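Undergrad: Structure provided below as structure tokens; questions to follow.
The values are calculated or read from the model by the stated rules, or taken from the named source; none is laboratory data. What you see is a predicted model; the values in this text were computed from it and never measured. Using ideal geometry, Cβ is built from the backbone for each residue, glycine included, and neighbour counts are taken over all protein chains shown.
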Amino acid sequence: MPLPPDYPPSHWRLADIAYDQIDVTLARDDSFLFETLASASFVEIMSEMYSANLVEHFEGRNDVTAWLRDSWQHEEVQHGEALRAYVQKVWPEFDWERGFAAFRAEYSAVCTVELLEPRRALELVARCVIETGTATFYRAMHDYVREPVLRQLLSNIKSDEAAHYAHFRRHYEVANAVERHGAFAVLRTIWRRVLDVRGEDAYIAFKHVWLARHPGQEFPAAEWKRYNGTVRSLARHYYPFGMALTMLVKPVPLAEPLKRMILAPLRLLARFASAG
Ligand SMILES: [Fe+2]
Ligand SMILES: [Fe+2]
């Protein structure tokens, strides 16, 4: 099977984003946007920690560890820094540092190397699921947002995430040529990670964004429910379900016609989900 092309590292830098040209009126009143961008900035900046875990997990595979250390980690942290700078420009009253410190303390306790898949090829499949999640999330956010500077930033980030997916998939193909996991093991890994994709990190991030915004108050569980209700209704309009399914099924070691057979009913289901 031919390998996907090797994507070059990201070519944009924080200094390229025109923060002084933000049209604040197109973003500031949108509390969903604030909560989503602030949460995403927390999670992305923490990639530095997953990177150390991943590098340790892939010790000996120098091509993987070099890419993780030299490109992937810096790009993920840059996503976080760029989103943070945007949040601080549009919502300057938000105490980002305070929220992040509390998030970091709680999150560090759950993010350890034991949570990774013990078999390397399967961990690379799991990374493909995570990058599918981020690539489709930023694409949906890009389509939702009206503010031009943020649209440009989200466009840069979504391209990086798609490139990360391609990298992890390439490394997976190499690893699985040796480990030889079958369709069942790969699908099981994909399924497990899909269930996890809007899991603990999103919740912990949201909670600490809320707490930093409402100092001294207790976090009401209803706020998380309210936020998820908004996510679900916006996803029907903006989430690229077809793109997500295609990316998820790609690493499954099955012949292309069989993959298409799996994809057809899933696409139909996704269309119902987005119309519902
Ligand atoms: Fe990212
Ligand atoms: Fe990524």
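Undergrad: For Ala183, indicate whether it is surrounded by fewer than 19 Cβ atoms within 10 Å (Cβ to Cβ), modelled with pLDDT of 90 or more and more than 25 Å from Leu33 (Cα to Cα).
TA: yes
Undergrad: Out of Pro215, Pro251, report the one residue that is touching a residue at least 40 places away in the same chain (Cβ under 8 Å), of a type outside the set (Gly, Ala, Ser) and loosely packed, with under 12 Cβ neighbours inside 10 Å.
TA: The conditions single out Pro215.
Undergrad: Ok, one more. Go through the range 26-51 and count every residue that is more than 22 Å from Tyr238 (Cα to Cα) and exposed (fewer than 15 other Cβ atoms within 10 Å of the Cβ).
TA: Residues meeting the conditions: 1.
Residues are listed down the side, and each one gets a yes or a no for (1) crowded, with 19+ Cβ neighbours inside 10 Å; (2) closer than 30 Å to Gly242 by Cβ; (3) in contact (Cβ under 8 Å) with a residue 24 or more places away in the chain:
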| position | (1), (2), (3) |
| --- | --- |
| Phe94 | no, no, yes |
| Arg98 | no, no, yes |
| Ala105 | no, no, no |
| Glu117 | no, yes, yes |
| Cys128 | yes, yes, yes |
| Glu131 | yes, yes, yes |
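Undergrad: Residues being within 16 Å of ligand 2 (Cβ to nearest atom) and of a type outside the set (D, E, K, R): count how many of those fall in the range 61-106.
TA: Qualifying residue count, the range 61-106: 13.
Undergrad: Out of the residues in the range 133-157 that are without any contact (Cβ under 8 Å) to a residue 24 or more places away in the chain and either surrounded by fewer than 22 Cβ atoms within 10 Å (Cβ to Cβ) or among the aliphatic types (A, V, I, L, M) (or both), which is farthest from Leu33 (Cα to Cα)?
TA: Selected residue: Ser155.
Undergrad: Checking Thr189 against (1) surrounded by fewer than 21 Cβ atoms within 10 Å (Cβ to Cβ); (2) part of a helix (DSSP H, G or I); (3) of a type in the set (S, T, N, Q); (4) more than 14 Å from the chain's Cα centre (by Cα), only one condition comes out false. Which one?
TA: Failing condition for Thr189: (1).
Undergrad: What helices (runs of 4 or more DSSP H) completely inside the range 1-113 contain at least 2 residues that are at pLDDT 95 or above and β-branched (Val, Ile, Thr)?
TA: Result: 73-90.
Undergrad: Whether any residue in the range 199-213 is farther than 27 Å from Gly99 by Cβ, part of a helix (DSSP H, G or I), out of contact with any Pro (no Cβ under 7 Å at 6 or more places or on another chain) and away from ligand 2 (no atom under 16 Å from the Cβ) is what I want to check.
TA: No, the range 199-213 contains no residue that is farther than 27 Å from Gly99 by Cβ, part of a helix (DSSP H, G or I), out of contact with any Pro (no Cβ under 7 Å at 6 or more places or on another chain) and away from ligand 2 (no atom under 16 Å from the Cβ).
Undergrad: Hey, another quick one. Any idea which of (1) surrounded by 13 or more Cβ atoms within 10 Å (Cβ to Cβ); (2) part of a helix (DSSP H, G or I) is the one Val178 doesn't satisfy?
TA: (1)
Undergrad: Here is a further query. With respect to the numbered conditions (1) in a helix (DSSP H, G or I); (2) away from ligand 2 (no atom under 15 Å from the Cβ), which one is the sole condition not fulfilled by Lys158?
TA: Going through the list (1) in a helix (DSSP H, G or I); (2) away from ligand 2 (no atom under 15 Å from the Cβ), Lys158 breaks only (2).
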